[in-house]
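Pasting in a structure now, in structure tokens, and then I'll have a few things to ask.
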Amino acid sequence: MNNETLSENNLFLKGTPANRGIAFGHISFLQRTSSIHKKHLIEDVDAECKRFEQARLHAIAQLGALYDVSLEKLGEQNAVLFQIHQMMLDDPDYVESINNVIKTEKANAEYAVDIVARKFEQQFRSMDNDYMQGRATDVIDVSRRVNEILMMHAGKIKKSGIKYKGEGPTILATDDLAPSETVQLDQGKVTAIITSAGSTRSHTVIFARTMGIPTVVSIGDDLDECLEGKFAIVDGSQGLVIVDPDERTIAEYKSRKRTVDAQQAHLDQFRGKKTVTRQGRPICLYANAGSLADIDLIKSSDAEGIGLFRSEYIFLQSKDYPTEDEQFDIYRQVLQQMDGKRVIIRTLDIGADKTTEYFMLKHEDNPAMGLRAIRLCLSNRVLFKTQLRALLRASVYGQLAIMLPMISTVEEVLDCKKILEEVKSDLKAQGTPFKENIEFGIMIETPAAALISDELASLVDFFSIGTNDLTQFTLAADRQNADLSRYLNPFHHAVLRLIEIVVHNAHTAGIWVGICGEVASNEKFLAKLIQLGIDEISVVPPNVLRLRARIATLG
Ligand code: PEP
Ligand code: MG
């Protein structure tokens, strides 16, 4: 349904779409025990330290149970967060700091936990590392848990955990929800989550996606407590909350929900499964990424790896050449976050439509066929070596594969291999660790590369066909020019024949071959690729499950 068809009488709240799906329910605000605890002077500091210790152990036990629930609901990669929470509660620095506040200030344990949590939160937030910054929310979350247990032990509250007024189908509203709160939600009751703050990158959103709860975040001040109890519709894909909808809107959304739910239920059967064709041939189904920010989405898409990490985005987002350490830090985090799954990082593909000032590239009449990508790297070896050093150093953190863009000659590949060996010897000489057996592949995106793919296949571990460029170069149709879109046809027999040649030559040489151009998401094209024997497919994350379902019918 398009939004123009909705009645103007409805009250709309607009936020950021965080998880798709349509939900109905009454809005109910999460009720938390106050997170600000006043300081009381206590007499027996040892008894207060003991109170804290009991609550801490109780919290660790609760987190163990939460880990078990999450393992079942969300899988190992998400459940691990609660082991991190347990480790935080065991951290001597955290524990001693709290005991110190109790002893030196003769303060109550709740106050001490609060003060120390805020200090740690600040420290984490000021760190120059995404992973550590993410721990700021966690330290607040675990500390809130300890405080609730302290209050429960003191008889001030009846039980810890999620509390809200609503009964029946509930749209849970709050400023922000902690991951541990999200996993405790009763999916039979909470139909949607709406938050005034929050980001689409939070663990909460990842969990909500895995649990299939429609979610809208960052609604802002419009999400006011006066909405408590109101009936509403949440449209997760549009980031929309429709409060007090009229009959016509309810009817329209009910019909839409039936269609969406049926499609989703079908796709959910494929979550966590291997990708196999009807005849049982396994296919690696990966996702394309442009930055660290994409990794959460990729993980919740259930992709089996990253088939194309466009490293040039790091350069495009930077005001100057990113240093080796800056690059290393990003590659390391990508590999760590992908938990040992294969991550194919493409070396710099700058030039053509992707450029930024500090490169000071000379004006070219035909930049798409100019000094770009691997050609630029080979003409600026310091730039290339810096990237390769960063990649090799990061390789110890996961399953890295390196891929070269825009190859058109055998000499380029030989040159790049030589440079890679030089970088390896430098690192060895410096005693810097890296993995020896990193897969090394090339993109096939020029007709030249496709036609000499028999020669190239003996030099590399894999090919990845870049149909976006391969189509434009084969058909002499600029991909940037909208007027030429009818010429830019990947179904043209010239393109299909080149792909056929590439797959044949790869398999004859015993290497695997994938595709990472946009057309891989097209189901008709996909059928052709499967028929040709393609081994790996990399697409934008939202298409992963749909393609897994489709591949199961092909073969
Ligand atoms: C391609 O050319 O198909 C490709 C995947 O690379 P890019 O779109 O980044 O040029
Ligand atoms: Mg390309």
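The values are calculated or read from the model by the stated rules, or taken from the named source; none is laboratory data. Model, not experiment: these values are computed from the prediction. FYI the Cβ positions are ideal-geometry reconstructions off the backbone, even for glycines, and counts take in every protein chain you see.
Filter segment 425-444 down to the residues that are among the charged types (D, E, K, R), at pLDDT 95 or above and under 20 Å from ARG342 (Cβ atoms) and list them by number.
To start, the set of residues in segment 425-444 that are among the charged types (D, E, K, R) comprises 426, 428, 435-436, 439.
If we keep only those that are at pLDDT 95 or above too, we end up with 426, 428, 435, 439.
The answer is LYS435, GLU439.
How about segment 502-514: which of its residues are in contact with a helix residue (DSSP H, G or I) (Cβ under 6 Å, 6 or more places away or on another chain) and either outside any helix (DSSP H, G or I) or more than 16 Å from ligand 2 (Cβ to nearest atom) (or both)?
VAL503, ASN505, ALA506, ALA509, ILE511, VAL513
Looking at ILE534, ILE499, which one is under 17 Å from ALA450 (Cβ atoms) and within 16 Å of ligand 2 (Cβ to nearest atom)?
Values: ILE534 fails: within 16 Å of ligand 2 (Cβ to nearest atom).
The conditions single out ILE499.
Here's something else I'd like to know. How many of the residues in segment 170-197 are assigned to a loop (DSSP other than H, G, I, E, B) and touching a Gly at 6+ places or on another chain (Cβ under 9 Å)? First the steps, then the outcome.
Going through segment 170-197, the residues assigned to a loop (DSSP other than H, G, I, E, B) turn out to be 175-178, 184-189, 196-197.
Pick out the ones that are also touching a Gly at 6+ places or on another chain (Cβ under 9 Å) and you get 175-177, 184, 187, 189, 196-197.
Qualifying residue count, segment 170-197: 8.
If a residue must be touching a residue at least 24 places away in the same chain (Cβ under 8 Å), within 18 Å of LEU532 (Cα to Cα) and surrounded by 14 or more Cβ atoms within 10 Å (Cβ to Cβ), how many such residues does segment 452-493 contain?
Our first condition is that a residue be touching a residue at least 24 places away in the same chain (Cβ under 8 Å); within segment 452-493, this holds for 452-474, 478-480, 490-491.
Now drop any that are not within 18 Å of LEU532 (Cα to Cα), which leaves 453-454, 457, 462-467, 470-471, 490-491.
Subsequent filtering for residues that are surrounded by 14 or more Cβ atoms within 10 Å (Cβ to Cβ) retains 453-454, 457, 462-467, 470-471, 490.
Matching residues across segment 452-493 total 12.
Could you check, for segment 332-346, whether at least one of its residues is more than 23 Å from the chain's Cα centre (by Cα), at pLDDT below 95 and either within 16 Å of ligand 2 (Cβ to nearest atom) or of a type in the set (S, T, N, Q) (or both)?
To start, the set of residues in segment 332-346 that are more than 23 Å from the chain's Cα centre (by Cα) comprises none.
For segment 332-346, residues more than 23 Å from the chain's Cα centre (by Cα), at pLDDT below 95 and either within 16 Å of ligand 2 (Cβ to nearest atom) or of a type in the set (S, T, N, Q) (or both): absent.
Residue check: is GLU252 farther than 30 Å from ARG372 by Cβ and surrounded by 14 or more Cβ atoms within 10 Å (Cβ to Cβ)? Give the derivation first.
On the way: farther than 30 Å from ARG372 by Cβ: yes; surrounded by 14 or more Cβ atoms within 10 Å (Cβ to Cβ): yes.
So GLU252 fits the description; yes.
Considering only residues that are of a type in the set (Val, Ile, Thr) and exposed (fewer than 13 other Cβ atoms within 10 Å of the Cβ), which ones fall in segment 101-136? Break it down stepwise before answering.
So in segment 101-136, the residues of a type in the set (Val, Ile, Thr) come out as 101-102, 104, 113, 115-116.
If the condition is that a residue be of a type in the set (Val, Ile, Thr) and exposed (fewer than 13 other Cβ atoms within 10 Å of the Cβ), then THR104 is the only one that fits.
Does segment 493-512 hold any residues that are within 16 Å of ligand 1 (Cβ to nearest atom) and of a type in the set (Ser, Thr, Tyr), and which are they?
Result: no residue meets the conditions.
When you look at ALA394, is it closer than 17 Å to ARG310 by Cβ, away from ligand 1 (no atom under 16 Å from the Cβ) and at pLDDT 95 or above, yes or no? Walk me through it before giving the result.
On the way: closer than 17 Å to ARG310 by Cβ: yes; away from ligand 1 (no atom under 16 Å from the Cβ): yes; at pLDDT 95 or above: yes.
Taking the combined requirement at face value, the residue satisfies it.
Tally up the residues in segment 344-369 that are under 16 Å from PRO405 (Cβ atoms) and within 16 Å of ligand 1 (Cβ to nearest atom), please.
15
Would it be correct to say that ALA65 is among the aliphatic types (A, V, I, L, M) and over 30 Å from ILE330 (Cβ atoms)?
So ALA65 passes the test.
Which condition breaks for HIS493 when tested against (1) closer than 23 Å to GLU304 by Cβ; (2) more than 16 Å from ligand 2 (Cβ to nearest atom)?
Tallying (1) closer than 23 Å to GLU304 by Cβ; (2) more than 16 Å from ligand 2 (Cβ to nearest atom), HIS493 fails exactly one: (1).
Six or more apart or on different chains, Cβ under 9 Å: which pairs go from a residue in segment 209-238 that's not assigned by TED's automatic domain parsing to the domain that holds SER301 and surrounded by fewer than 23 Cβ atoms within 10 Å (Cβ to Cβ) to one that's part of a loop (DSSP other than H, G, I, E, B) and among the hydrophobic types (A, V, I, L, M, F, W, C)? Could you list them?
Pairs found: MET211/LEU185; SER218/ALA197; ILE219/ALA197; GLY220/ALA197.
Which condition from (1) away from ligand 2 (no atom under 16 Å from the Cβ); (2) surrounded by 23 or more Cβ atoms within 10 Å (Cβ to Cβ); (3) farther than 28 Å from LEU297 by Cα is the one that ARG548 breaks?
Unmet for ARG548, out of (1) away from ligand 2 (no atom under 16 Å from the Cβ); (2) surrounded by 23 or more Cβ atoms within 10 Å (Cβ to Cβ); (3) farther than 28 Å from LEU297 by Cα: (3).
Residues that are more than 15 Å from ligand 1 (Cβ to nearest atom) and not charged (D, E, K, R), at least 3 per element: which helices (runs of 4 or more DSSP H) completely within segment 440-492 meet that?
Qualifying helices (runs of 4 or more DSSP H): 453-457.
Restricting to segment 357-415, and then to whatever is of a type in the set (Gly, Ala, Ser) and within 16 Å of ligand 2 (Cβ to nearest atom), can you tell me which residue is nearest to the chain's Cα centre (by Cα)?
Selected residue: ALA373.
Right, another one. Take residues that are touching a helix residue (DSSP H, G or I) at 6+ places or on another chain (Cβ under 6 Å) and surrounded by fewer than 23 Cβ atoms within 10 Å (Cβ to Cβ) and tell me which of the helices (runs of 4 or more DSSP H) falling wholly in segment 291-403 contain 3 or more. I'd like the intermediate steps shown before the answer.
Details: elements: 295-301, 312-316, 324-337, 373-379, 381-394.
Here the list reads 295-301, 324-337, 381-394.
Between ALA289, ALA352, which is touching a Gly at 6+ places or on another chain (Cβ under 8 Å), of a type in the set (A, V, I, L, M) and within 16 Å of ligand 2 (Cβ to nearest atom)?
Matching residue, one of ALA289, ALA352: ALA352.
Which of the residues that make up segment 409-418 are surrounded by fewer than 17 Cβ atoms within 10 Å (Cβ to Cβ) and either outside any helix (DSSP H, G or I) or hydrophobic (A, V, I, L, M, F, W, C) (or both)?
Correct list: THR409, VAL410, LEU414.
Is it fair to say ASP244 is surrounded by fewer than 14 Cβ atoms within 10 Å (Cβ to Cβ), assigned by TED's automatic domain parsing to the domain that holds MET338 and farther than 22 Å from VAL343 by Cα?
So ASP244 fails the test.
Can you pull out the residues in segment 256-283 that are within 22 Å of the chain's Cα centre (by Cα) and polar (S, T, N, Q)?
Residues satisfying the conditions are GLN264, GLN269, THR275.
Could I ask something else about it? Can you tell me which condition LEU427 does not meet? The list is (1) part of a loop (DSSP other than H, G, I, E, B); (2) more than 29 Å from the chain's Cα centre (by Cα); (3) over 21 Å from ILE530 (Cα atoms), and all the others hold.
Exception for LEU427: condition (1).
Next up: Just the residues that are within 16 Å of ligand 2 (Cβ to nearest atom) and farther than 30 Å from VAL396 by Cα, please, taken from segment 439-452.
Correct list: THR446, PRO447, ALA448, ALA449, ALA450.
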